[in-house]
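The values are calculated or read from the model by the stated rules, or taken from the named source; none is laboratory data. This is a predicted model, so every value here is computed, not measured. All Cβ positions, even for glycine, are placed from backbone atoms using ideal geometry, and neighbour counts span all protein chains on display. Surface accessibility is based on the protein's heavy atoms, side chains included, excluding ligands, DNA and RNA. Shrake-Rupley method; radii C 1.70, N 1.55, O 1.52, S 1.80 Å.
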Amino acid sequence: MSRLEPTRSSVQYAVRKPLIEWLRAQDAAGKRVLDVGAGDRPYRELFPTAVAFDVPGNPYADLHGSLDAIPVEDASFDVALCLQVLEHVPDPAAAVRELRRVLRPGGIVLLSTHGIYPFHPNPDDLWRWTHQGLERLFLTNAEWTSVSVRPGAGTAGTIGMVVAHGLDLLAKRAHIRPAATPFVIALNALGEALDRSVPLLASTAPGTLHANYHVEAVA
């Protein structure tokens with residue numbers, strides 16, 4: 001439930017709270033959904049009929065393989081989810097082309113990935129993005145009707161997240177991890193409040209920082 005109901009005590013709050021709000025706003029009713037890089041299917045409640053695809057060995061997946069060669073027919077899905085996956089794949093361009101291939105005309109890719117985030121290999125952690133970089137990646141690797149890239153948390157939330165990760169890591173190494181929790185909560189609350197109060201912080205203006213981006217690419 002932590003993915004569906006993130007709390008400020010989590011160092012991942014600045015990523016997960018905007019992400020779940022964005023996903024809850026999507027309308028996938030009656031649509032055929034492919035969950036690419038599904039992991040343990042944390043968003044099954046929102047997309048209960050989704051076909052789960054992941055690497056070989058994942059017992060939660062319906063299909064297995066590589067993201068640059070998904071074992072489905074062309075134009076066979078209305079929605080392709082790809083959540084917190086792109087930073088781990090060796091060839092993001094090939095992945096974007098493959099996501100486009102599986103979509104029917106008018107279908108949509110809903111993709112999220114990191115702007116600024118601590119190193120987290122699973123098994124690799126290869127890429128970080130700007131909103132311009134993600135837009136260019138999509139527009140130069142397939143034909144799209146439209147591509148929209150928006151940040152999740154704003155600058156204050158992102159800075160709070162980075163500091164919270166550092167405090168949590170130090171407390172974990174010192175075997176006093178619970179002692180960091182009140183500070184993590186405060187940092188997340190302050191960052192969220194500042195981003196809501198100062199629109200510039202949540203924008204993509206020069207100098208801003210963003211932990212995560214949400215991409216909507218329409219075929």
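Tell me whether the range 130-149 contains one or more residues that are among the acidic types (D, E) and not in a loop (DSSP other than H, G, I, E, B).
The answer is yes; a qualifying residue exists.
Is there a residue in the range 97-120 that is in a loop (DSSP other than H, G, I, E, B), free of Cβ contacts under 8 Å to residues at least 40 places away in the same chain and within 22 Å of V162 (Cβ to Cβ)? It would help to see each step written out before you state the result.
Filtering the range 97-120 for residues in a loop (DSSP other than H, G, I, E, B) gives 102, 115-120.
If we keep only those that are free of Cβ contacts under 8 Å to residues at least 40 places away in the same chain too, we end up with 119-120.
Filter once more, so that each one left must be within 22 Å of V162 (Cβ to Cβ): 119-120.
Among the residues of the range 97-120, at least one is in a loop (DSSP other than H, G, I, E, B), free of Cβ contacts under 8 Å to residues at least 40 places away in the same chain and within 22 Å of V162 (Cβ to Cβ), which makes the answer yes.
Quick check on the range 47-67: of everything there that is more than 17 Å from N122 (Cα to Cα) and part of a strand (DSSP E or B), which residue is most open to solvent (accessible area, probe 1.4 Å)? Step through it out loud before you land on a result.
To start, the set of residues in the range 47-67 that are more than 17 Å from N122 (Cα to Cα) comprises 47-52, 62-63.
Okay, now just the ones that are also part of a strand (DSSP E or B), so 51-52, 63.
Details: V51: 31, A52: 0, L63: 46 Å².
Step by step, filter the range 47-67, then rank; the result is L63.
If you go through the range 91-105 one residue at a time, do you hit one that is touching a Phe, Trp or Tyr at 6+ places or on another chain (Cβ under 7 Å), open to solvent by less than 30 Å² (accessible area, probe 1.4 Å) and acidic (D, E)?
Checking the range 91-105: not a single residue is touching a Phe, Trp or Tyr at 6+ places or on another chain (Cβ under 7 Å), open to solvent by less than 30 Å² (accessible area, probe 1.4 Å) and acidic (D, E).
Right, V149: over 17 Å from P6 (Cβ atoms), touching a residue at least 12 places away in the same chain (Cβ under 8 Å) and open to solvent by 50 Å² or more (accessible area, probe 1.4 Å) or not?
It is false that V149 is over 17 Å from P6 (Cβ atoms), touching a residue at least 12 places away in the same chain (Cβ under 8 Å) and open to solvent by 50 Å² or more (accessible area, probe 1.4 Å).
Does H175 qualify as being at positive phi and open to solvent by 50 Å² or more (accessible area, probe 1.4 Å)?
Yes.
Select from the range 192-216 the residues that are more than 21 Å from A164 (Cα to Cα) and under 14 Å from the mean Cα position of the chain (by Cα) and list them in ascending order.
Once the filter is applied, which keeps residues that are more than 21 Å from A164 (Cα to Cα) and under 14 Å from the mean Cα position of the chain (by Cα), the range 192-216 yields H214, V215, E216.
Mind checking which residues of the range 4-46 are surrounded by fewer than 19 Cβ atoms within 10 Å (Cβ to Cβ), within 23 Å of N122 (Cβ to Cβ) and not aliphatic (A, V, I, L, M)?
E5, T7, S9, W22, G39, D40, R41, P42, R44, E45
Any idea how many residues of the range 186-207 are open to solvent by 70 Å² or more (accessible area, probe 1.4 Å) and more than 26 Å from Q132 (Cα to Cα)?
Within the range 186-207, residues that are open to solvent by 70 Å² or more (accessible area, probe 1.4 Å) and more than 26 Å from Q132 (Cα to Cα) number 1.
On the given criteria, is T113 open to solvent by less than 40 Å² (accessible area, probe 1.4 Å), β-branched (V, I, T) and either within 13 Å of the chain's Cα centre (by Cα) or over 20 Å from A219 (Cβ atoms) (or both)? Please lay out each step first, then the result.
Working: open to solvent by less than 40 Å² (accessible area, probe 1.4 Å): yes; β-branched (V, I, T): yes; either within 13 Å of the chain's Cα centre (by Cα) or over 20 Å from A219 (Cβ atoms) (or both): yes.
Answer is yes for this residue.
Residues of the range 68-84 being assigned to a loop (DSSP other than H, G, I, E, B) and open to solvent by 20 Å² or more (accessible area, probe 1.4 Å), which ones?
Result: D68, P71, V72, E73, D74, A75, Q84.
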